[in-house]
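As structure tokens, the structure follows; a few thoughts come after it.
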Amino acid sequence: MPHQRRIEGLIAAMTLEEKIGQLGAFADALRPFAFEFNPETFARDAEQVREQIRSGRVGALFNGVGVAEGREAQRIAVEESRLGIPLLLGADVIHGMRTVFPIPLGEAASFEPDLAERTARATAREATAAGIHWTFAPMVDVARDQRWGRVAETSGEDVYLSCEFAAARVRGFQGDDLTASDSLLTTPKHFAAYGAISAGLDYNFVDMAPQTLRDVHLPPFKAAIDAGALTLMSSFNDINGVPASANRELLTDILRGEWEFEGFVVSDYTSDLELVAHGYASDEADAAQKALSAGLDMSLQSGIYAGHVATLVEQGRLTMDEVDEAVRRVLHVKAAVGLFDDPYRCLDAGREADQSHIAAHDALARDCARRSVVLLKNEGNLLPLKKAGQRIALIGPFAQDTANLGGCWNIFGDASRMVDMETGVRAALEDPSALVVVPGSGIEAPLEGGIEAAVAAAREADVVLLALGEPHEFSGEAQSRTQIVIPAAQQALAEAVATAGTPVVVVLRNGRALALEGAVRDAQAILVGWFLGTQTGPALADVVFGDYNPSARLPVSFPQDAGQQPYFYNHPTTGRPNVPGTPRFFQTRWREVSHAALYPFGHGLSYTRFDYGAPQLDTARLGWDDALTIRTRVANQGTRDGEEVVQLYLRDRTASRVRPVRELKRFRKIALAAGASQEVVFTLTRADLEFHGVDNRPVAEPGLFDLWVAPSSAVGDAVTFELLAP
Ligand code: NOJ
């Protein structure tokens, strides 16, 4: 391969300092966003960065934006550095660039991976036009504790759903050709098990069985790599006492040994240096030695490779081969994305000017947003509302808010294009004066006179839209909560508004599953609105007035109470299972609340009703190497067209390790006209029945399995089949 020759030639020609340069990524001090976003640690001034590039002491810059300065940085690398190795320009482009799409958790609620593929493609187009090659996305951590602020960035609590979205987003960001001008290199993160931090407390420890790591937390990374990802980011946490950023088992044995990954691993922001704080390394040099030798190729921002690797090699604590191998991986990725052939790719001023606002992306943002909204409850078919003849009071601190539409992880979004809820709702009304808007409360503190004004407006109205929830800063990094509830000031507003006796539709803004209480929980209708991005207002209006029939489903279970965390549907079966309807005392139960989720994973209503026939299996005895076909008739029994997410779950009745009570194995979203029905066909093979056994190897075990085809993880009647021995 010509690239291989070029790479080996470069490695042979590089000084040790130049090699180490390729293993360092630093905040982009040359471009506007860098200082704003990375204010404190290690910020360098622009001239220092230029000199660093010139002398070959940096391989990548991150979180800068803009073509002109990006081109200048690249020009220095290519023309003024000794070997002319181009820079890789990275950034956190998570769920949109200028156009902001729903947070990843919200988008996962669509249960439409191909939609995520399209929003990632759109994001890639915008980001690459703005001078970015490489995104620190998708986040593929499986999140099972809603106290964790970063649930918002994940695809939720389920392994299969996370895998499907991980792969779709990699395909979307990267496209078919990594060298194309609009291909954005991905970094599935955070490798690994960051979603399992204890107590949902960010950066906390992870203590877990190796089989759980392999059954739950690693599969989305494998799915992302199989979809073409060429870089990974290591996580902040330790796993069973070994920090992920120096974890040889993960970074070398599994990643390179078992999965044959050919790309490079970048640390999280200073996570290599943090080995010292973990007490896993005695000082910076020790941390650099442990991280690099474990398989961590690139150091993000800490500077410890730049500071210590040369001495470590001189002292014989690292070998030149170890350094060369990491450099080889970095250069391999630079070659794969076409930087050696065209170092100025993604640095085209014409494209930047043309593509700063792509109108079609607004339509996509609106469609994605409405497809992400989950209808939890709709008593008396209160929704959809009428566009005429109904007086509507829109109450709550999120009615006119634009500051929280972009969610917790959006640094480049075009704030001027954000459309708030009031604007969207008013635009949909035949008589815009039928809408009264009252904030009623601040997000965390009461507003003077707010409650009185809100109650008066509610009394005058036929229906209340109550826009409540979390501000964006309750989600994201270092934002763990103990009480996953609506802030007290807003809860008080909801209680007061309920006394008016007017029917209430709660529209939540949230970055996690919430524990809903009192008047919020008891409202006649509830919509889960996440953080929906640029087109929030129009998208919510589409759902509220029925221009779009809601089709999203929960990717995380809504518990009865905050104290139930971690709470997820696919937990291992206990020896004293909770059997609803049986008053047995000594069974798995909480004293205060019911065991069942308030709204389980997979739940979501529509404005029409779907009925399911019993799943028909082509055989009740599945041969070892055979396939099982499952056919289920799903009928739209209502008077509106709609979309249904048909979900297939499995349970292994008896196994050599305790298995989950149910696990999602397939899903399909289908569109059905009013009165129509369709047979939905799924196929399973032995591979779908596998788990990691006590010896840590994948195994499927002959025996009985329960299977559900159902509209959520908590309903449906099981049918049974047997996997026959080989
Ligand atoms: C820390 C976060 O954990 C990670 O997700 C992000 O990509 C880096 N900072 C870089 O900003």
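Brief remarks follow.
- Coupling constants for the stretch 342-351 follow from the phi torsions by the Karplus curve (6.51 cos²θ - 1.76 cosθ + 1.60, θ = phi - 60°), and in residue order they are 9, x, 9, 5, 6, 10, 10, 4, x, 5 Hz; glycine and proline get x.
- Under a 5 Å amide H cut-off, with hydrogens placed 1.01 Å from N, A27 pairs with F62 among residues at least 5 apart or on other chains.
- Between helix 2-13 and the chain: long-axis angle, C-alpha atoms, 0 to 90°, nearest 10: 50
- 0 to 90° range, to nearest 10: angle between helix 304-314 axis and the chain longest Cα axis: 40
- Converting phi to 3J(HN,Hα) with the Karplus coefficients 6.51, -1.76 and 1.60 and the offset θ = phi - 60°, the stretch 619-627 yields 7, 8, 10, 8, x, 3, 9, 9, 10 Hz in sequence order, with x at every glycine or proline.
- If only the Cβ of Lys and Arg carry +1 and only the Cβ of Asp and Glu carry -1, the dipole of the stretch 306-381 around its Cα centre is close to 420 debye.
- Burial order of peptide ranges 640-651, 375-386 (average beta-carbon count within 10 Å, highest first): 640-651, 375-386
- Selected from A229, S302, V543, residue furthest toward positive end of dipole (the chain; charges at beta carbon): V543
- Estimated D of the stretch 296-416 in µm² per second, where Rh is the Kirkwood radius over Cα pairs and Stokes-Einstein applies at 37 °C, 0.692 mPa s: 154
- Projected-area average for the stretch 371-564 over all orientations - Cα convex hull basis, square nanometres: 10.5
- For the set V715, V437, solvent exposure ranked by accessible area (probe 1.4 Å, protein chains only) runs largest to smallest as V715, V437.
- Listed residues H357, V276, L376: farthest to the positive end of the dipole of the stretch 270-391 (Cβ charges): L376
- When the alpha-carbon atoms of the stretch 268-319 are used, the pair Rg, Dmax equals 9.7, 27 angstrom.
- Rounded accessible area of T311 (nearest 10 Å², 1.4 Å probe): 60
- For the set E314, E258, the ranking by accessible area, highest first and with no ligand, DNA or RNA atoms included, is E314, E258 under a 1.4 Å probe.
- About the Cα centre, charge dipole magnitude for the stretch 595-726 (Lys/Arg +1, Asp/Glu -1 at Cβ), debye: 240
- Measuring between alpha carbons in the structure, the pairs from K189/K377; K19/K290; K386/K665; K222/K665; K290/K665 lying more than 28 angstrom apart are K189/K377; K386/K665; K290/K665.
- Rg then Dmax, both in Å and based on the Cα atoms of the stretch 610-723: 15.3, 54.
- Farthest positive-ward along the stretch 575-726 dipole, Cα basis, beta-carbon charges - from P702, F682, P600: P600
- Taking only protein heavy atoms and a 1.4 Å probe, the accessible area of the chain is 50% carbon and sulfur.
- Computed packing ranks the peptides 390-398, 249-257, 45-53, 282-290 as 390-398, 282-290, 249-257, 45-53, most packed first, by mean other Cβ atoms within 10 Å.
- The calculated FRET efficiency for the pair E379 and W590, based on their C-beta separation and a Förster distance of 25 Å, comes to about 0.45.
- Inter-label distance for R256 and A209, nm, one decimal - labels placed 7 Å from Cα along Cα-to-Cβ: 3.1
- With K and R counted +1 and D and E -1, the other residues having a Cβ less than 9 Å from that of A244 yield a net charge of -2.
- Heavy-atom accessible area ranking, 1.4 Å probe, most first, across H692, H3: H3, H692
- Net charge of Cβ neighbours under 13 Å - reference D542; Lys, Arg +1; Asp, Glu -1: +2
- Whole-Hz Karplus values for the stretch 634-646 come out as 10, 10, 8, 8, x, 10, 10, 5, x, 10, 10, 9, 8 Hz, taken residue by residue from phi with 6.51 cos²θ - 1.76 cosθ + 1.60 and θ = phi - 60°; glycine and proline positions read x.
- Compared with the rule-of-thumb size 2.2 N^0.38 Å for a compact globular protein, the chain has a Cα radius of gyration ratio of 0.98.
- Compared with the direct C-alpha span, the chain from T629 to T574 gains 16.8 nm at full extension, assuming 0.36 nm per residue.
- Within the stretch 172-253: Cβ-based charge dipole about Cα centre, in debye rounded to nearest 20 (Lys, Arg +1; Asp, Glu -1): 140
- In the full protein context, the chain carries 35 Å² of accessible surface per residue, based on a 1.4 Å probe and ignoring ligands, DNA and RNA.
- Under 5 Å, built H, 5+ apart or other chain: amide partners of K377: I526
- Taking every protein chain into account, the 1.4 Å probe leaves M320 with about 70 Å² of accessible area, to the nearest ten.
- Report summary: the helix-based calculation at 222 nm, which adds -39500 (n - 2.57) for every DSSP H run with n ≥ 4 and divides by the residues of the chain, gives -8000 deg cm²/dmol.
- Nearest 10 degrees, 0 to 90: helix 488-498 Cα axis against the chain principal axis: 20
- Computed accessible area, F205, all protein chains, 1.4 angstrom probe, square angstrom: 100
The values are calculated or read from the model by the stated rules, or taken from the named source; none is laboratory data. Keep in mind the model is a prediction, meaning the values are calculated, not measured. Here Cβ is always computed from backbone atoms with ideal geometry, including for glycine, and neighbour counts include all displayed protein chains. Side chains included, ligands, DNA and RNA excluded: accessible areas come from the protein's heavy atoms. Shrake-Rupley method; radii C 1.70, N 1.55, O 1.52, S 1.80 Å.
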